[in-house]
Amino acid sequence: MKYYILFGPPGAGKGTQASAMVQKYNLCHLSTGELLRSEIAAGTPLGLQAKALIEAGSLVPDEVVEGMIEAKFQGTEGVDGFLLDGFPRTIAQAEALDAMLAKTGEAVTAVVSIMIPDAMIHERIAHRATIEGRADDARPEVVENRIRTYHDKTEPLVGFYKETGRYNEIDGVGTIAEVQGRIFDLMDRF
Ligand code: ADP
């Protein structure tokens, strides 16, 4: 199985690019943000726990997302691999992922990191707020907190994955098709 990590700041276009990637390479798309939003919509205990944190722009506990991911790894068939979107988001999650995969002698295939400048993060999220109506996109202080959380907790993963030689950076500035072309050129190598 292939295990791709789709990485990048909030608003980098991960969700948009993910749909084309999973189709072309027969992958299962695992977005922890989407999984958490369905738990909230279904009113599960996990959803209730996650709701306030997400609405504040903070991260939910590592164990919660790790459990969701491992359950999906075990319960998914008929694909050539997984596209992890929004996970891992902390060094602890990255270590937990390595440990999960090591159980079956597997490892992360590649990190596909979509990079955009900070100023563009604000622009893209403001635009998405008018289309998707996500509560955590609507309030500027929540968006600020997500960007801060990204820089503090998630960006250190760049160094973590560079050390393993699995880190690949894509320029996320351009049209959807241009960015998609850059991603496909990269993924064709694995
Ligand atoms: P975006 O990429 O726009 O920030 P996501 O849909 O990936 O949005 O995530 C939305 C929210 O869900 C995050 O701000 C966070 O509260 C929570 N979340 C998603 N993935 C994780 C994760 N791996 N660890 C902790 N919290 C997460």
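The values are calculated or read from the model by the stated rules, or taken from the named source; none is laboratory data. The structure displayed is predicted, hence computed values, not measured ones. Neighbour counts run over all protein chains shown; Cβ positions are idealised from the backbone, glycine included. Accessible surface areas use protein heavy atoms only, side chains included; no ligands, DNA or RNA. Shrake-Rupley method; radii C 1.70, N 1.55, O 1.52, S 1.80 Å.
Once neighbouring chains are kept in place and the probe is 1.4 Å, which whole percent of the accessible area of the chain is contributed by carbon and sulfur?
Numbers: 4870 of 9270 Å².
Accessible surface attributable to carbon and sulfur in the chain totals 53 percent.
Could you give the accessible area per residue of the chain, probe 1.4 Å, as a whole number in Å²? Before the final figure, lay out each step's value.
On the way: 9270 Å² over 190 residues.
About 49 Å² of surface per residue is accessible.
Which residues does the label zone of GLU155 cover in the range 95-137, counting backbone N under 12 Å from a point 7 Å along Cα→Cβ?
Residues 116-119 fall inside that zone.
Quick one: ranking ARG134, ARG166, ARG189 by accessible area, 1.4 Å probe, largest first, what do you get? Mind dumping the intermediate values first?
Values: ARG134 45, ARG166 85, ARG189 165 Å².
Sorted descending by solvent-accessible area, the residues read ARG189, ARG166, ARG134.
Once ligands and nucleic acids are excluded and a 1.4 Å probe is used, how much of MET1 is accessible, expressed in Å² to the nearest 10?
Rounded to the nearest 10, the figure is 100 Å².
If r is the Cβ-Cβ distance from GLU141 to ALA71 and R0 is 41 Å, what FRET efficiency results, to the nearest 0.05?
Numbers: r = 33 Å, r/R0 = 0.81.
Rounded to the nearest 0.05, the efficiency is 0.80.
Count the lysine pairs in the range 2-187 that are 8 or more places apart or on different chains: how many have C-alpha atoms under 22 angstrom apart?
The result is 15.
Order 142-149, 103-110, 169-176 from most to least packed using the mean count of other Cβ atoms within 10 Å.
On the way: 142-149: 17.0, 103-110: 13.0, 169-176: 15.0.
Order by mean packing, descending: 142-149, 169-176, 103-110.
If you put +1 on each Lys and Arg Cβ and -1 on each Asp and Glu Cβ, how big is the dipole of the range 2-187 around its Cα centre, in Debye rounded to 20? Show your work: numbers first, answer last.
Values: 18 positive and 27 negative charges, 46 e Å.
The dipole of the range 2-187 has a size of about 220 debye.
Given the Cα-Cα distance of THR130 and MET100 and 0.36 nm per residue of separation, how much length would full extension add, in nm?
Values: separation 30, 0.36 × 30 = 10.80 nm, distance 3.79 nm.
Length gained between THR130 and MET100: 7.0 nm.
Kindly identify the range 2-187 as rounded, prolate or oblate by the Cα gyration tensor criterion: order the square roots of the eigenvalues as a ≥ b ≥ c, call it rounded if a/c is under 1.5, otherwise compare a/b with b/c, prolate if a/b is larger, else oblate.
Judged from the Cα gyration tensor, the range 2-187 comes out rounded (a/c under 1.5).
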